[in-house]
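For reference, the structure is listed below as C-alpha cells.
The values are calculated or read from the model by the stated rules, or taken from the named source; none is laboratory data. Bear in mind the structure is a predicted one, so any value in this text is a computation, not a measurement. Every residue, glycine as well, gets a Cβ built from its backbone with ideal geometry; the counts of neighbours run over all protein chains shown. Quick note on the areas: whole protein, heavy atoms, side chains included, nothing else; ligands and nucleic acids left out. Shrake-Rupley method; radii C 1.70, N 1.55, O 1.52, S 1.80 Å.
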Amino acid sequence: AVRSLKAMVPLVSLGDAQLEKSLQKIVVDGWDSTEWPDGQNLLHFLCEHHGDASAVRLAAELCPNLEVRDGQNLRAMDYALRNPNSAVAEQLLLVSQERLGQSFLEEDVLKEDVFKTDKDVPEGEEAEPPTEHGEADPPGGEGDAPQRTQLGALFMLRTRLAKAMKENDLLREKVGELELLRTRLAILSEKPQGAPAAERIHMAPAPASATPSSAEGHHSLTTVKELKDLPTGCLESSSTSTEDGETETASHPETADDAELLADGTTETERMVDTAPPMATPEATPEGSDIVATPTKVPPKGKGKGKGKAPAPTAPGTLSGSGSDAGKGEAKGKAKGKGKVSAVEPTKPEVKPAQDLKTIPWTRYVVGAQITEGTIWDQVNEVYEHDHIMEALPMDEIEKRFGKATGQGVAVVKKEVKKPKTVKLSSIAQEQRFQIEVCLRTLPVGLNTGSKAARAIQDLDRSVMSCEAMSSLRRFLCPTDEQEQELRAKRRERSETPEPLIWDPVEQYMEELLVISGCSLRLSCWEFLYNLSERLAQLQENLQRFERMVRCFLTSTEIPVLLSLVLAFGNYLNGGKNEKRLGRADGFHVELLGRPGGLDLVNDTQGRNVRQLIFETFCEKYPSHSERLFEELAPVFDLVQRRIGKDAQGVPALRKSVRVEIEDLDKQLSQLKSEFTKKHHEMKECLKLIDDPAEKFVIEIPREFDDAKQHIDDLIRKKDTTLQQFKVVLANFKAETYRGDSIVVDGQLKDGNPKSEMTSEVWCKIWDNFFVPPERVLSFDAKRQKSLIEPRFCKDQPLTVESLALLWGLTKEEPRRRSTTVCPRKGVPAATRRRASA
C-alpha cells in the first residue's frame, strides 16, 4: 500500500510545483521529515491559500496532529474558517470527527468511563443527577464553554449517554411493574405444600368467618397459566396476624397501600379478581390443572340491626372448606344495615399532586386501626397539624425530581411546544451561513452574544477580545451594508404586526452589533494595532542581527589574514604551466570559498580537501589570529541554521537556511507601510461615524497610530542604511555578482547566469560552507553525527577552533574543554584573558 501511494504521488496536481514537491517528500519520508518555516506546515498553507477541498483532505489525512499551531499561534482549522471555500473547513472537520470516533472504538473509553451504573458509586455517595441532555454538569460551572478541540467528543458522548439513560429509565419502569405484580400476587395467593412449583394453585387465606356452606353455589375459575413463568420471588405468600379480633394482612412493604380496604369492605385486588368471567365449576376442574376456583356468589346481606358476626366476604382465589389454614379473626361490634364492615377513614386531608410520583415503601398506620393512644405518633401528628408541615414541603422540587415519566395511574400529558419559526436574512447563502455558524460556536464565552461583543469593542477590552476573535467577528458576524439594510427592513415590517420577531442566532448576533457605529472599521483598525508592537519588535531584532553581520565584515582584522593564506595556496597550486592563466593572482572571487565548483573540487589522493590543510596551517602558524577570527565571524554563523536530515530520495543531507535576509526585511517593511496607510485611512473614516468624542476608540486609537507611524518610519530608515552598508561590503570584496546555479535546459545541464546579483542568503552560505561544508559533516557515521557533530554544529552553539579541529580531523584527541567563546561582559575570549593575566 505504501509503494502504491508513493507511485500515485507524482500524479497529484495541486497547481503549484513547490506544493507537489512538499507533498511527495511527506509521503516518502513522513510528515516529521520536513522542517516547516515558522511552524506553518503544508496543511496550514493549503487551508489558508488553497481552495481545493480534496487537496486539504489529502493533507489532513497525512498530518498526524490537526491541532498543531504555527508561529502565529493558529491551527489549520483557524485558517480553514477564513477560507472563502466552506468545503475546506467541512473536510477538515470530517477528518477530525473520523479520528475521534476511531479513538473511541479502539480505547473503549465510553464503556469504562462514561456509562457507569449505580453499582460503581461508592457507598455513602449519591450519583450526580444527569442534566437535561443526559450528562453530568462539566467542571468549571455552567458558565464554562467547551473548548473548540472537544466539540466532536462532546457530541458523541451526549448522544450515546442519552440513549443509555433512556434505556435505563425503561428498565426501571419494568422493575416497578414487576414489583407491583409481585405484591398483588403475594396478597392473593399462598404456596400450598407439596405441590410442584410449576403447577401450584395460589390461594389466599380465607377468613375464619367463612363457613363450609360458603363453597356452595356457583363458582368462577381464574387461570394462572401465564403466571407460571414469573420469577420465584414473585410468588411469595402473605402472612396474617390477629389483633383485637380484627384481621390484618401484612402486605409487601413497597406497596402496602395496595391492600387497603375499599368502601365496600373488599380490597382492590379482590375486586379485580371478582370481576373475572366464570369459566368452570369446582367439580369440573381436573386435578393438576392450572385453574383456580373462585366463588362468585357473595353471602346474602344481613338485614336489620342486632348483635352478631358479620359474614366476611370470601377471599378471591380460595375454595371454601379447603384444607388450607384460614385466618382466624372475628369482626367485633354490631352488624348494621346490609352487613358491610365499616373502614376506618384516614385523618389527614387528601393530597392531589399535579402528576404521578414515586411511592415511598412504608407500612401505613391509621389512627383508630393500627395506632392507639399513648404512642409517639400522638406527638408527631400534633406537630404535623400545628406547624403546618405539609405547607413547608418544596412541592415543585418534589414533582420535578420524583415524578414518573409514565405512571401506573393517569399518564401525565405532555404538551408539545412548537418551536417558533425564526427569521433569517435572504442575503446570507447557505454555504456562507455554515461558516458563520461554525464561527459563532467557536467564540469564547465572553463573546458568545452580540451584546457582550459590542461591550468589549466599545471598551477596547483586550482581556476578552483576542486578535483571532476580532478577525472572525469582522469577517463573518459584522453585518455588511446590505445585511444592515435588510435587518432594519425586517424589523420595521414585523413591528407593524402583533407577531413577535424572533431572529435566527446569526441574525440576532448581527443585530446586537448594530449598536456599534462603524463596527467593521473599528475591528479592522484595532486588529491591525493589536499585535503591531510585537511585529515591530521582531523586525527590529532581525534588522539588528543582520546589521551585526554586516559590521563584522567592515571592521574585521582577521579576515584579510585568512584570505591571504588562501591566496597563497591558490597561487602555489596554480603555478607552473597554469601560471599564465590562473597563477600570480592578486585576489579572487569569494564564491570560491563555499560555492560548488570552487575549493570543494581540490582533493588529494586520499580524498582530503585542500581546506583541511589551509585550516591546519592557519591554526598552527597563526593561533591568536584563528581565535579572534571566529569571534569576529560569530554574527555570520548565528544567521545560518544547520539541520541534519534526508532529502526526497531518503539520502542523508545537511540542510542550511539563513534566518535573516535583508531582501525579506525590505519586502516586509514595504508591505507593513502599505498596510499602515490603508488602516490609517480606515481609522479616519471610522472617526467620522462616531458621534461621541469621549469614546475610547476616539481617544486612544489615533494616538496609537501616530506612535506606530513613527516606529515604522524609523525601521525603514534603519533598513535603508543597513542595506547600503551591505552593498559596500560586497563592493569591498568585489562580489556584487556571482555565478548562478546550474539549470536544466532541454534535458542538458547548463551553467547558471554568471552575473546573478549577490544576495544576503548566498553571501552567508558562502562563508558558512567554507568552514562547515555539508560533505564533511556527512562523512561521519550516524553515531558520531549524533554524539559529536550535532551538539556542536546543529544546536546553535558558537563555532570555535576546537569544533573546527574536530570537524576537519586536525587532532585525534577529543576537543579541549577550554572555551574560546566571547565573554558576555568583557567582550574578549576566556583564553585571551588567561594569557593576558599571565
>> If I go through the stretch 721-771 residue by residue, how many of them are of a type in the set (K, R) and either without any contact (Cβ under 8 Å) to a residue 60 or more places away in the chain or closer than 15 Å to E661 by Cβ (or both)?
In response: 4
>> So, in the stretch 452-478, exactly how many residues are of a type outside the set (A, V, I, L, M, F, W, C) and open to solvent by less than 20 Å² (accessible area, probe 1.4 Å)?
In response: 1
> Looking at the stretch 28-57, which of the residues that are acidic (D, E) and part of a helix (DSSP H, G or I) is least open to solvent (accessible area, probe 1.4 Å)?
Replying inline: D29
>> With the requirement that a residue be farther than 10 Å from L43 by Cβ and either outside any loop (DSSP other than H, G, I, E, B) or open to solvent by 50 Å² or more (accessible area, probe 1.4 Å) (or both), what does the stretch 78-94 give you?
In response: D78, L81, R82, P84, S86, A87, V88, A89, E90, Q91, L93, L94
>> I'm trying to understand the selection: among the residues of the stretch 466-521, which are closer than 16 Å to V438 by Cα and touching a strand residue (DSSP E or B) at 6+ places or on another chain (Cβ under 7 Å)?
In response: D504, E507
>> What's the total number of residues in the stretch 574-594 that are outside any loop (DSSP other than H, G, I, E, B) and open to solvent by less than 50 Å² (accessible area, probe 1.4 Å)?
In response: 3
>> Going residue by residue through the stretch 499-511, is there one that turns out to be assigned to a loop (DSSP other than H, G, I, E, B), without any contact (Cβ under 8 Å) to a residue 60 or more places away in the chain and within 24 Å of A80 (Cβ to Cβ)?
In response: no
> Given the conditions (1) over 26 Å from the mean Cα position of the chain (by Cα); (2) open to solvent by 40 Å² or more (accessible area, probe 1.4 Å); (3) not acidic (D, E), which single one is not true for P444?
Replying inline: (1)
> Within the stretch 634-649, is even one residue assigned to a helix (DSSP H, G or I), among the charged types (D, E, K, R) and either within 39 Å of the chain's Cα centre (by Cα) or closer than 30 Å to P560 by Cα (or both)?
Replying inline: yes
> Residues in the stretch 619-627: is at least one of a type in the set (S, T, Y) and under 30 Å from R522 (Cβ atoms)?
Replying inline: no
> Considering the stretch 570-613 alone, what residues qualify as being at positive phi and within 60 Å of the chain's Cα centre (by Cα)?
Replying inline: G597, G607
> How many residues does the stretch 595-641 contain that are touching a strand residue (DSSP E or B) at 6+ places or on another chain (Cβ under 6 Å) and among the polar types (S, T, N, Q)?
Replying inline: 3
> Could you say whether any residue in the stretch 648-664 is farther than 30 Å from S556 by Cα and among the β-branched types (V, I, T)?
Replying inline: yes
>> I need the full set of residues from the stretch 676-704 which are surrounded by fewer than 18 Cβ atoms within 10 Å (Cβ to Cβ) and touching a Lys or Arg at 6+ places or on another chain (Cβ under 8 Å), in order please.
In response: H680
>> If the requirement is being closer than 30 Å to E177 by Cα and at pLDDT below 80, which of these qualifies: A343, A369?
In response: A343
> Can you tell me which residue in the stretch 409-435 is modelled with the highest pLDDT, limited to those that are among the β-branched types (V, I, T) and exposed (fewer than 14 other Cβ atoms within 10 Å of the Cβ)?
Replying inline: T422
>> Criterion first (outside any loop (DSSP other than H, G, I, E, B) and at pLDDT 90 or above) does L473 satisfy it?
In response: yes
>> Quick check on the stretch 655-662. Is at least one of its residues free of Cβ contacts under 8 Å to residues at least 24 places away in the same chain, in contact with an Asp or Glu (Cβ under 8 Å, 6 or more places away or on another chain) and assigned to a loop (DSSP other than H, G, I, E, B)?
In response: no
> Of all residues in the stretch 60-72, which are within 17 Å of the chain's Cα centre (by Cα) and open to solvent by 40 Å² or more (accessible area, probe 1.4 Å)?
Replying inline: P64, N65, E67, V68, R69
> If you check every pair at least six apart or on different chains, which have Cβ atoms under 9 Å apart with a residue in the stretch 12-31 that is modelled with pLDDT under 70 first and a residue that is outside any helix (DSSP H, G or I) second?
Replying inline: L14/H50; L14/D52; G15/H50; G15/D52
> How many residues, within the stretch 432-448, are touching a residue at least 60 places away in the same chain (Cβ under 8 Å) and under 11 Å from L477 (Cβ atoms)?
Replying inline: 5
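Quick grid of which residues meet (1) of a type outside the set (A, V, I, L, M, F, W, C); (2) closer than 27 Å to S756 by Cβ; (3) modelled with pLDDT under 90:
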{"residue": "L562", "(1), (2), (3)": "no, yes, no"}
{"residue": "G570", "(1), (2), (3)": "yes, yes, no"}
{"residue": "K580", "(1), (2), (3)": "yes, no, yes"}
{"residue": "D586", "(1), (2), (3)": "yes, yes, no"}
{"residue": "E591", "(1), (2), (3)": "yes, yes, no"}
{"residue": "G598", "(1), (2), (3)": "yes, yes, no"}
{"residue": "V602", "(1), (2), (3)": "no, yes, no"}
{"residue": "V610", "(1), (2), (3)": "no, yes, no"}
